[in-house]
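Undergrad: Before anything else, here's the structure in question.
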Amino acid sequence: MTKKTKKGISRNSKKGFTLIELIVVICILSALTALAMPAMVGLISKAEAEACHTNLSSFRRAYMQYRATEDLTQDQCMEKAADEINVIKTGNTSFTDKDGQVCTVEFDETGYISNITCPKHGELERGNME
């Protein structure tokens with residue numbers, strides 16, 4: 001729809017966004033997304049590490065429960081604890097977690113867990129297992 005102005009020039013009176021305005025908005029959104037992505041990646045890796053830590057702590061608690069309350073060998077306790085938290089026992093001192101990482105369990109002289117190591121997220125020492 002055209003409209004005559006005071007000077008007699010016809011002008012399009014249709015309201016809308018110009019191509020330049022749309023390109024500017026897209027550029028601003030792209031810049032904001034680019035700024036937010038590194039933070040999101042950091043949060044995701046931190047969440048994965050925390051989930052791994054929680055799984056290792058759950059394994060330790062389950063093992064300690066079986067060790068303290070039932071007359072089972074160390075190997076049997078490992079098997080039951082692995083079953084309880086849905087991981088796969090892969091050896092006498094290791095298990096595979098849900099991410100496919102082989103975690104190693106170290107025992108002290110009394111047969112209790114002193115350290116659990118995950119290759120992706122590091123160690124969970126006795127003091128950090130609570």
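Undergrad: Can you name the number of the only condition in (1) among the polar types (S, T, N, Q); (2) in a helix (DSSP H, G or I); (3) free of Cβ contacts under 8 Å to residues at least 40 places away in the same chain that Asn55 fails?
TA: So the condition that Asn55 fails would be (3).
Undergrad: Continuing with the same structure: Please determine whether any residue of region 61-68 is over 19 Å from Asp108 (Cα atoms) and either at pLDDT below 85 or surrounded by 15 or more Cβ atoms within 10 Å (Cβ to Cβ) (or both).
TA: Restricting attention to region 61-68, the residues satisfying the condition of being over 19 Å from Asp108 (Cα atoms) are none.
Scanning region 61-68 turns up no residue that is over 19 Å from Asp108 (Cα atoms) and either at pLDDT below 85 or surrounded by 15 or more Cβ atoms within 10 Å (Cβ to Cβ) (or both).
Undergrad: Here are some conditions: (1) touching a residue at least 40 places away in the same chain (Cβ under 8 Å); (2) under 25 Å from the mean Cα position of the chain (by Cα). Tyr112 meets all but one. Which one does it not meet?
TA: Status for Tyr112: all satisfied but (2).
Undergrad: Of the numbered conditions (1) of a type in the set (S, T, N, Q); (2) more than 22 Å from Lys120 (Cα to Cα); (3) touching a residue at least 60 places away in the same chain (Cβ under 8 Å), Thr73 satisfies every one except a single condition; which is it?
TA: Among (1) of a type in the set (S, T, N, Q); (2) more than 22 Å from Lys120 (Cα to Cα); (3) touching a residue at least 60 places away in the same chain (Cβ under 8 Å), Thr73 violates only (3).
For every residue, the table says whether it meets (1) hydroxyl-bearing (Ser, Thr, Tyr); (2) farther than 15 Å from Lys120 by Cβ; (3) modelled with pLDDT under 80; (4) in a helix (DSSP H, G or I).
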{"site": "Lys14", "(1), (2), (3), (4)": "no, yes, yes, no"}
{"site": "Phe17", "(1), (2), (3), (4)": "no, yes, no, no"}
{"site": "Glu21", "(1), (2), (3), (4)": "no, yes, no, yes"}
{"site": "Leu29", "(1), (2), (3), (4)": "no, yes, no, yes"}
{"site": "Met40", "(1), (2), (3), (4)": "no, yes, no, yes"}
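Yes/no per residue for (1) over 21 Å from the mean Cα position of the chain (by Cα); (2) at pLDDT below 80; (3) exposed (fewer than 10 other Cβ atoms within 10 Å of the Cβ); (4) farther than 19 Å from Ile116 by Cα:
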position	(1), (2), (3), (4)
Met1	yes, yes, yes, yes
Gly8	yes, yes, yes, yes
Val24	yes, no, no, yes
Ala82	no, no, no, no
Thr93	yes, no, no, no
Asp97	no, yes, no, no
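Undergrad: I would also like to ask the following. Before we move on, is Asn86 surrounded by 10 or more Cβ atoms within 10 Å (Cβ to Cβ), assigned to a helix (DSSP H, G or I) and not hydrophobic (A, V, I, L, M, F, W, C)?
TA: Taking the combined requirement at face value, the residue does not satisfy it.
The values are calculated or read from the model by the stated rules, or taken from the named source; none is laboratory data. Computed from a predicted structure; not experimentally measured. A quick note on method: Cβ atoms are made from the backbone with ideal geometry, for glycine too, and the neighbour counts reach across all protein chains shown.
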